[in-house]
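Asker: Pasting in a structure now, in structure tokens, and then I'll have a few things to ask.
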Amino acid sequence: MSNIRIGVYVCWCGTNIAKMVDVKQVAEAVGNMDDVVISKDYKYMCSDPGQELIIKDIKEHKLNRVVVSACSPRIHELTFRKALENAGLNAYLFQMANIREQVSWVHVNRKEATKKAIALVRGAINRVRWHEPLEKRRVDVNPATLIIGGGIAGMSAALEIARADKQVILLEKEKELGGQLRFVNRTFPDFIPTSDFIEPMKDDVLHHPRISVLTEANLNELHGYIGNFIGHIQTGAKELKVEFGNIIVASGLKPFNPAPMENYGYGKLPNVITSLELEKMLQTGEIRQTNRKLPEKVAIIHCVGSRSSQYHEFCSSTCCMTALKYSNQVLDMLPNSQVYQLYADMRAMGKGCEELYTATSRKNVMFLMYDQEDGLPYIRKAGPKEDCNLLIEVNEKLSGERIEVPADLVVLMVGMEAHEQAKKLGQTVGISLCGNEFYIEKHPKLDPVATTTDGVYVSGSCQSPKNISDSITQAKAAAARILATINYGSVEVEVTTAHVNEDICCGCQTCVRVCPYGAISYIADDRVSRVNEVLCKGCGTCTTSCPTGAISSRHFTEKQILSQIEGVMLELMEN
Amino acid sequence: MEFEPKIVAFLCNWCSYTGADLAGTSRMKYPANIKIIRIMCSGRIGPTFVLKAFREGADGVMICGCHPGDCHYHEGNYKCLRRYKLIQKYIQQMGIEQDRLRLSWISASEGKQFAELAQSMTEVIRELGPCDIKSVMETFA
Amino acid sequence: MITRVNPGLKKDLVEFGLQDWNDCFHCGNCTALCPLTRNDNLFPRKGIRLAQMGLSEKLATNVDPWLCYYCGECSDSCPRGAQPGELMMVLRRWLTATYDWTGLSRKFYTRKSWEFSAIGIIAAVIIAIFVFLLPPANDLASNPEAYLNDQGGVMINSMVTGIDSEHFMDYIHTGDLIMALIIAGFLISNILNMFLKVIINDKTVRIPFRSYFTEFWRLIFNFGTQARFSKCDNKSYWVGHLLLMTGYTILFTMIVAFLPKFQIEEITPWYNWQRILGYYATFGLMYFLIYTTIGRIRKSDQKMRFSHPSDWIFIVLLGLTTISGILVHIFRLTGLPAMTYYTYVIHLAILVPMILIEVPFSKWSHLAYRPFAIYFDHLKKAARKKAAKVQFAAA
């Protein structure tokens, strides 16, 4: 008779699970399995009373293994591990069965869903039986921070951290700081000159004793883990080796290039310019056609490269309001001109934006709607007798009419896209990209600042297109997270590492060759391989490669996974 | 009774398991025949797990990892790919159709692709019918 | 077919009373709740859009503004306060000017000075005719008894010097007929112009020849009953408008066709058909006048919140005509020949310019354009129906 005592808890998650899975039946079905002492269902396991229930049972029934069958472990595994610790049990004597994201939300047949839930819980019970207590390890945190990108996000984060008297290394790949805002004349919806805040900010960053700015610099390589990273930074011909504890990736964006879109004739037709080129004109204070004449009719085309199945499906989020900003700026500089806005949808979310739209709509601006699916606007050169340079043909959506818009100057509102180097940088620091090549945050709602790699945070438009205030918000949030870690002084690190049973190890060094982190070294004296557990991240590749079975991955041992497979199939055999 | 395929899916924690979770949060539907087992990296998957699943009565096995170049552990998925080819050969020699084992790349944002994959895998296995390797092995045992 | 947008139309429409321009962002609430709009003919939204984009040719072929009777529900429920109902009103003014080939309508709508001068000139001509050709009898004031009939009422055709009562009646009746011919000439030519713009210039439809006859009853029916107006949610507007319309039509017909029958020397008894009809018409006009005057001052009703100068000129002229007409009647009955003469002259000096200006060139032209718009709309509908049938058969 084993001394393993398992408690099983099946969560209703309100109706999220209970609607599709018969939770009572699940709890009953697994109640008579070997070693299962108690099996219960409860409305919300993650709630305080739910956790109390586990803690109470652990004490009362002397449980030494716990299985919670609820949502994805990605969401609440840590919550329940903490509950185990509160009850005096090692956090790793716990296993979750995901019966929400992978059962109740994806299946439609209650009977089948219940059957599958039972199988998954049985798998978890089988697995938890073989769990071993693992001791948590903490490592000291290097208080320096590496920030990649010297745009508004990077600089905001740098100042925030430096003001707490912590060292910052700010990498900028260009010659000067400022990022995309160097090319922007004023903000929306309040028309503040960007130089009013960008210049003082650059000054602060450059002169802050705690910030070392490296321009024309790139991160070549990155080693280490949260709290103890080592980066190889290329500046000019030199390569520096720098140590730091955390990283903020704020590598920014790149404007979409409209040249491949034939309908706009960008680069071929004179007087068809991008929003950035208009910004340049606004900066010099002169809006002129290529023949130096003042334009009388200015057309602004929205969504160039954005929200289209052909180019980028996402919305660049700032162009609508920027276009309204341009309308106002153009009308200020050329009061007798007529502005046309060819938009796909007017998106005016955010403080003061709807007001900007309403105010602009009362000016000399004609709003024309088009539908990307119904053909993009087509620009052609106007004949010599026309009173304009260009003619834009488009199917106007709200009237259903095919119309022609005369223009002297056409401004293409180009969207943001991910940087060319985003992918490479992501691979270097170990964070992944979403389908649109922006970096993926750890959780879209609950943790939009961190990434799946501990110690690496994202800020600004490298995560998704953002306006200035959102970029700063995210940058400061990342800075606060890092300061909290630095303040604590140490962080918990992965304990689910690999380790070598040196009695069995034959010294073939297969593991040394497969380890992506160089965490395994061959000890020639003992003729065995040994794992540096600080460097190991627990992927398990070495475990599978080991011909003798000397290496095992903690918390993902052969025994645990094979038992889980048995458990999952157990229910199926009863059919 | 109609044949209900039993399929075990090994999903890496960073991309594919998250992608499968996304299918759930997006309320996409796929057959209940797929039972998911979470591992940290597809590079952890070896012949033992696959054969164990068939041995325990699975009619199909799915392995999902990050897309090439996106592996959280840099290159675990490449190692998985190599092993997959070897395991394919091996199970064929054992008399298991190669379609019963499938390797697919599912990123964290590909909930839809995961649901579609689960659907198509179930259909393929339903077409193939039950895998008899378990009874064969029991006969010889 | 491609049409060029024209932001200049905006300035033009502002002169016709347009308020806010781009407030509408096309949510479509107005059109969703309009009881008159149809699936194949969506207003007011479509009209607003065409106006915003300045597609004047499309607007000229579009009769939608005439199909709206301005109950005001659309404006009430507009989330942006864009006043779609008022825009339809503005478009009706603009269309009236567009149909008018003389260009006078545009001048009257957009320049108050033109309208006032025109009224003044016509009034002066009428007064001059009376002063020089039909002056009052010398003893009209000193010897009123001579101008009274047996019942003690004023003999209305015998108040002038130099000509007898029969000739006086001839003068006035001929004048009436000339006036009727002038307005008919302008109206008919303008309606032909409307036909040209709405039917001939719209290349998207081909009207089946038969339909011109089969749909003709709608013209008469809608003119007589205003049946379309009764489909608006607020029925009281329709009742009020019907009273005004019938009253006006009765008076106009009596004046033009039957003047010698009722402008006679003796006073007919109160139950005589002419007097009953006259009283009914007067009641209709007065009801409408009081209702709209109060409404436009108080701005209580959506449809009366915005008043263009042409609206007030119309009310003032109609009011003065009605009141002077009532006074003529009272002075006749009470036996005051001098007062009768002067108020009679004033009555004509207001009535004639009102009819000559309002009916062909201004607000009152809708009496013709509305029923014709409904007729044309049904012609187009018939054409579309036939085209669909042909297509179906071909398929």
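Asker: Only residues that are assigned to a strand (DSSP E or B), touching a residue at least 60 places away in the same chain (Cβ under 8 Å) and hydrophobic (A, V, I, L, M, F, W, C): list them for the stretch A:306-363, please.
Answerer: Answer for the stretch A:306-363, where residues must be assigned to a strand (DSSP E or B), touching a residue at least 60 places away in the same chain (Cβ under 8 Å) and hydrophobic (A, V, I, L, M, F, W, C): just A:342.
Asker: So, of the residues in the stretch A:329-359 that are touching a Pro at 6+ places or on another chain (Cβ under 6 Å) and either surrounded by fewer than 19 Cβ atoms within 10 Å (Cβ to Cβ) or more than 10 Å from every other protein chain (Cβ to nearest Cβ) (or both), which turns out to be farthest from residue A:279 (Cα to Cα)?
Answerer: Out of the qualifying residues, it is A:352.
Asker: Does residue A:247 satisfy the criteria of being buried (at least 20 other Cβ atoms within 10 Å of the Cβ) and modelled with pLDDT of 95 or more?
Answerer: yes
Asker: Please work out if residue B:44 is within 7 Å of another protein chain (Cβ to nearest Cβ) and either touching a residue at least 40 places away in the same chain (Cβ under 8 Å) or in contact with a Ser or Thr (Cβ under 8 Å, 6 or more places away or on another chain) (or both).
Answerer: The answer is yes for residue B:44.
Asker: Taking the residues in the stretch A:459-496 that are within 14 Å of chain B (Cβ to nearest Cβ) and closer than 19 Å to residue A:156 by Cβ as candidates, determine which candidate is surrounded by the fewest Cβ atoms within 10 Å (Cβ to Cβ).
Answerer: It comes out as A:464.
Asker: Only one residue in C:254, C:194, C:169 is in the same structural domain as residue C:326 (by TED's automatic domain parsing), part of a helix (DSSP H, G or I) and modelled with pLDDT of 90 or more, so which one is that?
Answerer: C:194 is the lone residue from the list that is in the same structural domain as residue C:326 (by TED's automatic domain parsing), part of a helix (DSSP H, G or I) and modelled with pLDDT of 90 or more.
Asker: Against the definition (among the small types (Gly, Ala, Ser), farther than 27 Å from residue A:534 by Cβ and touching a Lys or Arg at 6+ places or on another chain (Cβ under 8 Å)), how does residue A:178 come out, yes or no?
Answerer: Yes; evaluated as a whole, the condition is true for this residue.
Asker: Among the residues of the stretch A:394-401, are any surrounded by fewer than 21 Cβ atoms within 10 Å (Cβ to Cβ), of a type in the set (A, V, I, L, M, F, W, C) and not assigned by TED's automatic domain parsing to the domain that holds residue A:469?
Answerer: Within the stretch A:394-401, none of the residues are surrounded by fewer than 21 Cβ atoms within 10 Å (Cβ to Cβ), of a type in the set (A, V, I, L, M, F, W, C) and not assigned by TED's automatic domain parsing to the domain that holds residue A:469.
Asker: Search the stretch A:99-114 for residues being outside any loop (DSSP other than H, G, I, E, B) and surrounded by fewer than 24 Cβ atoms within 10 Å (Cβ to Cβ), and hand back the single one that is nearest to the other protein chains (Cβ to nearest Cβ).
Answerer: My answer is A:112.
Asker: Condition first: in a loop (DSSP other than H, G, I, E, B), in contact with a strand residue (DSSP E or B) (Cβ under 6 Å, 6 or more places away or on another chain) and polar (S, T, N, Q). Now tell me which residues in the stretch A:452-471 satisfy that.
Answerer: Those that are in a loop (DSSP other than H, G, I, E, B), in contact with a strand residue (DSSP E or B) (Cβ under 6 Å, 6 or more places away or on another chain) and polar (S, T, N, Q): A:459, A:463.
Asker: Of all the helices (runs of 4 or more DSSP H) wholly in the stretch C:18-62, which have at least 3 residues that are more than 9 Å from chain A (Cβ to nearest Cβ) and over 17 Å from residue C:374 (Cα atoms)?
Answerer: C:29-33
Asker: Scanning the stretch B:55-73 for residues that are more than 8 Å from chain A (Cβ to nearest Cβ) and closer than 24 Å to residue A:564 by Cα, which turns out farthest from the chain's Cα centre (by Cα)?
Answerer: B:55
Asker: Right, next: Mind listing whichever residues of the stretch A:162-205 are over 30 Å from residue A:222 (Cα atoms) and not in a helix (DSSP H, G or I)?
Answerer: Correct list: A:184, A:185, A:186, A:187, A:188, A:189, A:190, A:191, A:192, A:193, A:194.
Asker: For the condition part of a loop (DSSP other than H, G, I, E, B) and either within 30 Å of residue B:27 (Cα to Cα) or touching a residue at least 12 places away in the same chain (Cβ under 8 Å) (or both), what is the one hit in A:26, A:21, A:67?
Answerer: Unique residue meeting the criteria: A:21.
Asker: So residue C:331 clears everything in (1) touching a residue at least 40 places away in the same chain (Cβ under 8 Å); (2) under 24 Å from residue C:99 (Cβ atoms); (3) assigned to a helix (DSSP H, G or I) except one condition, right? Which one?
Answerer: Failed condition: (2).
Asker: Something else: Can you tell me which of A:50, A:150, A:88 is on the phi > 0 side of the Ramachandran plot and away from chain B (no Cβ under 14 Å)?
Answerer: A:88 is the lone residue from the list that is on the phi > 0 side of the Ramachandran plot and away from chain B (no Cβ under 14 Å).
Asker: Can I ask one more? List the pairs whose first member sits in the stretch A:428-450 and is at positive phi, whose second member is hydrophobic (A, V, I, L, M, F, W, C), and whose Cβ atoms are under 8 Å apart, counting only residues at least 6 apart or on separate chains?
Answerer: A:430/A:222; A:430/A:456; A:437/A:418; A:437/A:422
Asker: Residue under question is residue A:523, and the condition is that it be in contact with a Lys or Arg (Cβ under 7 Å, 6 or more places away or on another chain), farther than 30 Å from residue A:96 by Cα, away from chain B (no Cβ under 13 Å) and at pLDDT 95 or above; does it hold?
Answerer: For residue A:523, the condition - in contact with a Lys or Arg (Cβ under 7 Å, 6 or more places away or on another chain), farther than 30 Å from residue A:96 by Cα, away from chain B (no Cβ under 13 Å) and at pLDDT 95 or above - is not met.
Asker: Only one residue in C:376, C:392 is surrounded by 21 or more Cβ atoms within 10 Å (Cβ to Cβ) and assigned to a helix (DSSP H, G or I), so which one is that?
Answerer: C:376
Asker: Sticking with this one: Which residue pairs have Cβ atoms under 9 Å apart, sit 6 or more places apart or on different chains, and have a first residue in the stretch C:31-54 that is closer than 21 Å to residue C:383 by Cβ and a second that is among the β-branched types (Val, Ile, Thr) and at pLDDT below 90?
Answerer: Once the first residue is closer than 21 Å to residue C:383 by Cβ and sits in the stretch C:31-54, its partners that are among the β-branched types (Val, Ile, Thr) and at pLDDT below 90 give C:43/C:37.
Asker: Looking at residue C:96, is it in contact with a His (Cβ under 9 Å, 6 or more places away or on another chain) and of a type in the set (Val, Ile, Thr)?
Answerer: So residue C:96 fits the description; yes.
The values are calculated or read from the model by the stated rules, or taken from the named source; none is laboratory data. What you see is a predicted model; the values in this text were computed from it and never measured. Virtual Cβ from ideal backbone geometry, glycine too; neighbours counted across all protein chains shown.
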